[in-house]
Amino acid sequence: MHMIFDTHAHYDDEAFDEDREELLAAMNAGGIGTIVNACAAIDGLDKTVALMEKYPFIYGAVGVHPDDADKMTDETLDRIRMLCRHEKTVAVGEIGLDYYWHKEKEEHRIQQDMFRAQMDIAREEKLPFMVHSREAAEDTLQIVREYVKDGMYGGIIHCFSYSKEIAREYLNMGLYLGIGGVVTFTNGRKLKEVVEYAPLSQLLLETDCPYLAPKPHRGKRNSSLNLPLVVAAIAELKGVSEETVIRVTEENAKKLLMKTEEK
Ligand code: NI
């Protein structure tokens, strides 16, 4: 039986402190087979490792979000590199650029430096990358293009929020788009167009929980258990069954992320 593969969640977030264990124990019955916990803050690195060591179905993406780029040191980069060698680390992420929360040129420069430093690690450690990009379409595309041209091990544009034209650029590079709750939003027309346009073979399911709960839970705490709502929205847009969406996105995720299993 095929099960939902959540490629991007933040179960280390304090929003889950009260009921993390009960919630994660309910995943299997809720049809959720595999979860990748993505590091965001620097202190999320150790928390992600703890989760992947405790739960057989949780894997990890190690990296630091652009929000914390200015707090990173050489030691942080060394730690990320070391954690890449953990048998359950499947990607470097989430890394990238966020100009929505950070408007200063100097901040952008630091974010770009740390993005590149972590892309270097992904290449050297032979892992896919997981990109966060907000209000930074052009700079992100330029950096990703440059890295892919010189050889990378695949990647995901997480919570894709740009136009169909930009989606085409990433799809042509053979990358995957992470699709979550936004595809169910009434004002999510741009993403709906992207999902209609992109081949199902390059889409992945993700929650980004505790954020971005799908309709009708918008604004509440999100969890992987809400992914069937995202599956339904994608199935409708693509004109395929929900079962097909679950199966193909699971195959995509395994193809991209689980090839490192024998490392
Ligand atoms: Ni995230």
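Key figures for this structure:
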{"quantity": "Yes/no for Leu45 being assigned to a helix (DSSP H, G or I), within 20 Å of Asp113 (Cα to Cα) and within 16 Å of the chain's Cα centre (by Cα)", "calculated": "yes"}
{"quantity": "Odd one out for Glu21 among (1) away from the ligand (no atom under 16 Å from the Cβ); (2) at pLDDT below 95; (3) not aromatic (Phe, Trp, Tyr)", "calculated": "(2)"}
{"quantity": "Test result for Leu256, in a helix (DSSP H, G or I), surrounded by 21 or more Cβ atoms within 10 Å (Cβ to Cβ) and among the aliphatic types (A, V, I, L, M)", "calculated": "yes"}
{"quantity": "Conditions (1) in contact (Cβ under 8 Å) with a residue 40 or more places away in the chain; (2) surrounded by 17 or more Cβ atoms within 10 Å (Cβ to Cβ); (3) of a type outside the set (Gly, Ala, Ser); (4) within 16 Å of the ligand (Cβ to nearest atom); number of the one not met by Arg221", "calculated": "(2)"}
{"quantity": "The listed residue being touching a residue at least 40 places away in the same chain (Cβ under 8 Å), hydrophobic (A, V, I, L, M, F, W, C), assigned to a strand (DSSP E or B) and under 18 Å from Asp208 (Cβ atoms), out of Ala91, Ala15, Ala40", "calculated": "Ala91"}
{"quantity": "Lone unmet requirement of (1) surrounded by fewer than 23 Cβ atoms within 10 Å (Cβ to Cβ); (2) within 16 Å of the ligand (Cβ to nearest atom) for Tyr55", "calculated": "(2)"}
{"quantity": "Flag for Glu87 being more than 16 Å from Ala61 (Cα to Cα) and acidic (Asp, Glu)", "calculated": "no"}
{"quantity": "Flag if Tyr100 is of a type in the set (Phe, Trp, Tyr), more than 14 Å from the chain's Cα centre (by Cα) and either crowded, with 23+ Cβ neighbours inside 10 Å or part of a strand (DSSP E or B) (or both)", "calculated": "no"}
{"quantity": "Selection count, the stretch 30-52, where residues are more than 16 Å from the ligand (Cβ to nearest atom), closer than 13 Å to Leu83 by Cα and of a type outside the set (A, V, I, L, M)", "calculated": "1"}
{"quantity": "Boolean, Asp67 is under 21 Å from Ile156 (Cβ atoms), in a helix (DSSP H, G or I) and within 12 Å of the ligand (Cβ to nearest atom)", "calculated": "yes"}
{"quantity": "Some residue of the stretch 116-125 being within 16 Å of the ligand (Cβ to nearest atom) and within 18 Å of Ala38 (Cα to Cα)", "calculated": "yes"}
{"quantity": "Any hit, the stretch 157-166, residues being aromatic (Phe, Trp, Tyr) and within 17 Å of the chain's Cα centre (by Cα)", "calculated": "yes"}
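Conditions tested, residue by residue: (1) farther than 23 Å from Tyr170 by Cβ; (2) among the charged types (D, E, K, R); (3) out of contact with any helix residue (DSSP H, G or I) (no Cβ under 6 Å at 6 or more places or on another chain).
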residue	(1), (2), (3)
Ser201	no, no, yes
Leu204	no, no, no
Asp208	no, yes, yes
Leu212	no, no, no
Lys220	yes, yes, yes
Val231	no, no, no
Ile234	no, no, no
Thr244	no, no, yes
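Rundown of residues vs (1) modelled with pLDDT of 95 or more; (2) away from the ligand (no atom under 16 Å from the Cβ), yes/no style:
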site: Cys84; (1), (2): yes, yes
site: Gly93; (1), (2): yes, no
site: Arg109; (1), (2): yes, yes
site: Phe129; (1), (2): yes, no
site: Arg145; (1), (2): yes, yes
site: Tyr153; (1), (2): yes, yes
site: Glu165; (1), (2): yes, yes
site: Thr184; (1), (2): yes, yes
site: Gly188; (1), (2): no, yes
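The values are calculated or read from the model by the stated rules, or taken from the named source; none is laboratory data. A quick note: this is a predicted structure, and the numbers were derived from the prediction, not measured. Note that we place each Cβ from the backbone using ideal geometry, even for glycine, and neighbour counts take in every protein chain shown.
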